[in-house]
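Visitor: Have a look at this one.
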Protein chains: 2
Amino acid sequence: MSETAGRVGGGMLAHRVPDLGALELLLAVARLGSLGAAAREVGISQPAASSRIRSMERQLGVALVDRSPRGSRLTDAGALVTDWARRVVEAAEAFDAGAQALRDRRDSRLRVAASMTIAEYLLPGWLLALRAQRPDTAVSLLAGNSTAVAERLLADEADLGFVEGLTVPPGLDSTVIAHDRLIVVVAPAHPWARRRRPLAAAELAATPLILRERGSGTRQVLDAALGGLARPLIELSSTTAVKASAVGGAGPAVLSELAVGEELAMRRLVSIPVEGAALRRDLRAVWPTGHRPTGPARELLSLTRG
Amino acid sequence: MSETAGRVGGGMLAHRVPDLGALELLLAVARLGSLGAAAREVGISQPAASSRIRSMERQLGVALVDRSPRGSRLTDAGALVTDWARRVVEAAEAFDAGAQALRDRRDSRLRVAASMTIAEYLLPGWLLALRAQRPDTAVSLLAGNSTAVAERLLADEADLGFVEGLTVPPGLDSTVIAHDRLIVVVAPAHPWARRRRPLAAAELAATPLILRERGSGTRQVLDAALGGLARPLIELSSTTAVKASAVGGAGPAVLSELAVGEELAMRRLVSIPVEGAALRRDLRAVWPTGHRPTGPARELLSLTRG
DNA sequence: TCTCGCTCATAAGACCAGCTTATGCCCTCA
DNA sequence: TGAGGGCATAAGCTGGTCTTATGAGCGAGA
């Protein structure tokens, strides 16, 4: 009854989950062992913290902290809730780091241009790490395809770029910073999910697939690996749409492994091994030939290596 | 203290990140292509949605949607923001699924008992998947060590358990549902981060390590793998504390790979390969001997297999 | 033993963000 | 040329969260 429509919990999440301020406060309580100290840390008064924690406990229906005249410690349930809360806050921190870079446009000391996949999945983490090292480095971010990244760099409108294509655009130097693999995924109900032997490349090429549109980095790599022959079942213009379609059982999809970590872990999708196709691709940092990254750009680059 | 560098404006996150309701609304706009439709979906009026999106744009300093008399589409920046928002919302959904299970105690159709690591990192995802399949299954969760899990099951206070120890408690049947590895991690500044060859087991045994307390599942596996000889540098009572200590550079730590995915991806920690020690462990579902899981328990079990 | 210092709880009032309803304009399509 | 869907603006209400002021429990040191 709590869920009116088909979407499980669609839209009512905010009423069931404490807001970010409350979750942050809870983390502070866990770390500092006192409501008052936590209140000071997040910049509110002690009664405000007390009442906020209390209303969180009311909302969740669970006691989270054991209060005593000598401080407050988490209950067992509270420890668990705090761990889950930490994930939410970390996601919010990544959001913040990304959003901040999106805003700054002008007057930023480090201007980054990145391909969509990298901007989506990796950059927020890098920006957080950079912020930890150099808190006052203002970063601006522009996301686009390889061509757009190259244009920005060559027009001196960006200091450092990240691309995921097969080739490095002319006029740029690069270094490989990580690898990515394209993987074939299906919904757990799909017959392929029960295969015992890897898929042959020819078989993959012969099967209509849910794909990104022609011209996307993902599509390029796939076409190259199969010899230019990938057959589209549906063509969609965002990774998210492809994922949703695959989860919904429309058919097999080919996606970056970066994009489907969560779905694989939750078994909403199953990965099918493929044999005989080079689905690995390099992720590269790029910069105008001869202009080795220096200063903040060098710093960020060193964070991405490993 | 341990966080001096990392915490940039610690506690002001809630002022810089839109609240969960706004993020959910944005996802709905992205999916439905219209502010009004999104408003209907999340159960608010169209002007409310309009104003909420607008104030989010003001807060982030970026235009998120292109409004037209025929609907609203995301801008490029909006698409990126939406992808980051999705991660926050997904983390919040996992929080919700977990919290709901923590609350229900009584009158739940499926009572689960799980070890801490599993409850922390895996169970919320499983519960979400279960909820997607069987929206009206009320689940209750109790987290504790292997012994506590066994007690609950044998006292018929739980229907299904999950443990991560080396041995299956007596009186229980089990099946392996996944594997976990303990890994050695250090801060990037630690000398080991620059090693080129794997660490020998003997070397690991000889080095004082940041560890969970004696009696924890993690510690048991490590002691067994090293022959009962792990030397503690510090003993801490939660995975989180161990992680924080290692990130702070206190020394090498041994942790489940489940616990450090994020930290490795962001290079706050570096994983050191180890040679000659069996650091793999099984994660198992358990139930009272002879009472094979049925109904919702069977359903949940089938979600965890792969 | 008294008192200081820390803890948390309660009470009363201010404030603001977000909601609703009512309305208007723009555009497209039949 | 209306009908209908899309979005924006305006005015007023409400509720949650903040603040300050205060009280009460417990422990450590003079």
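Laboratory data are not the source of any read-out in this text; all were calculated from the coordinates shown. None of the values given here were measured: they were computed from a predicted structure. As a convention, Cβ positions derive from the backbone with ideal geometry for all residues, glycine included, and neighbour counts pool all protein chains shown.
Visitor: Compute the relative contact order of segment B:178-282 as a whole-number percentage, counting only Cα pairs closer than 8 Å that sit 6 or more residues apart in sequence.
Guide: Computed value for segment B:178-282: 49 percent relative contact order.
Visitor: Can you give the helix-only mean residue ellipticity at 222 nm for chain A, where every DSSP H stretch with n ≥ 4 adds -39500 (n - 2.57) and the sum goes over all residues, rounded to the nearest 500 deg cm²/dmol?
Guide: Values: 13 runs with 135 residues, N = 306.
Mean residue ellipticity at 222 nm (helix-derived): -13000 deg cm²/dmol.
Visitor: Follow-up. Place the peptides A:18-27, B:54-63, A:144-153 in order of packing, highest mean first, counting for every residue the other Cβ atoms within 10 Å and averaging per peptide.
Guide: A:18-27, A:144-153, B:54-63
Visitor: What is the sum of charges around B:ALA143, taking Lys and Arg as +1, Asp and Glu as -1, for the other residues whose C-beta is under 11 Å from the C-beta of B:ALA143? Each step should come with its number before you reach the end.
Guide: Numbers: positive: B:ARG152; negative: A:ASP76, A:ASP83, B:GLU120.
With Lys, Arg at +1 and Asp, Glu at -1, the neighbours total -2.
Visitor: Turning to a different aspect of this structure: Using only Cα atoms, locate the centre of segment A:73-97 and the centre of segment B:171-215, then give the distance between them in Å, rounded to an integer.
Guide: So the two Cα centres are separated by 24 Å.
Visitor: Also, I was wondering about something else. What average number of partner chain Cβ atoms lie no more than 10 Å from the Cβ of the residues making up B:141-151?
Guide: Numbers: counts 2, 3, 5, 1, 0, 0, 0, 0, 0, 0, 0.
Partner Cβ neighbours, averaged per residue: 1.
Visitor: Turning to a different aspect of this structure: Would you please classify the overall shape of chain A from the alpha carbon gyration tensor, given that a ≥ b ≥ c denote the square roots of the eigenvalues, rounded means a/c under 1.5, and beyond that prolate means a/b larger than b/c while oblate covers the rest?
Guide: Values: a/c = 2.70, a/b = 1.36, b/c = 1.98.
Since a/c reaches 1.5 but b/c is at least a/b, the shape of chain A is classed as oblate.
Visitor: So if we plug the beta-carbon distance of A:ASP173 and A:LEU229 into 1/(1 + (r/R0)^6) with R0 = 25 Å, what FRET efficiency do we get, rounded to 0.05?
Guide: The formula returns an efficiency of 0.15 here.
Visitor: Something else: State, in angstrom, two size descriptors of segment A:3-92 derived from its alpha carbons: Rg to one decimal place and Dmax to the nearest whole number.
Guide: For segment A:3-92, the Cα-based Rg and Dmax read 13.7, 48 Å.
Visitor: Determine the percent antiparallel among the DSSP beta bridges restricted to chain B, to the nearest 5.
Guide: Here the antiparallel bridges make up roughly 60 percent for chain B.
Visitor: Sticking with this structure for a sec: If you count, for every residue in A:120-127, the Cβ atoms of partner chains within 10 Å of its Cβ, what is the mean?
Guide: Whole-number average of other-chain Cβ neighbours for A:120-127 is 4.
Visitor: Right, next: Positive end of the charge dipole of chain B (Lys, Arg +1 and Asp, Glu -1 on Cβ, about the Cα centre): tell me which of B:SER146, B:ALA193, B:GLY251 has its Cα farthest that way.
Guide: Result: B:ALA193, furthest along the dipole toward the positive end.
Visitor: Separate question: What average number of partner chain Cβ atoms lie no more than 10 Å from the Cβ of the residues making up A:170-177?
Guide: Counting Cβ atoms of other protein chains within 10 Å of each residue's Cβ and averaging gives 0.
Visitor: Mean-square fluctuation check for chain B, GNM, Cα pairs under 10 Å: which of B:ARG268, B:ARG194, B:ARG281 is largest?
Guide: Highest fluctuation of the listed residues: B:ARG194.
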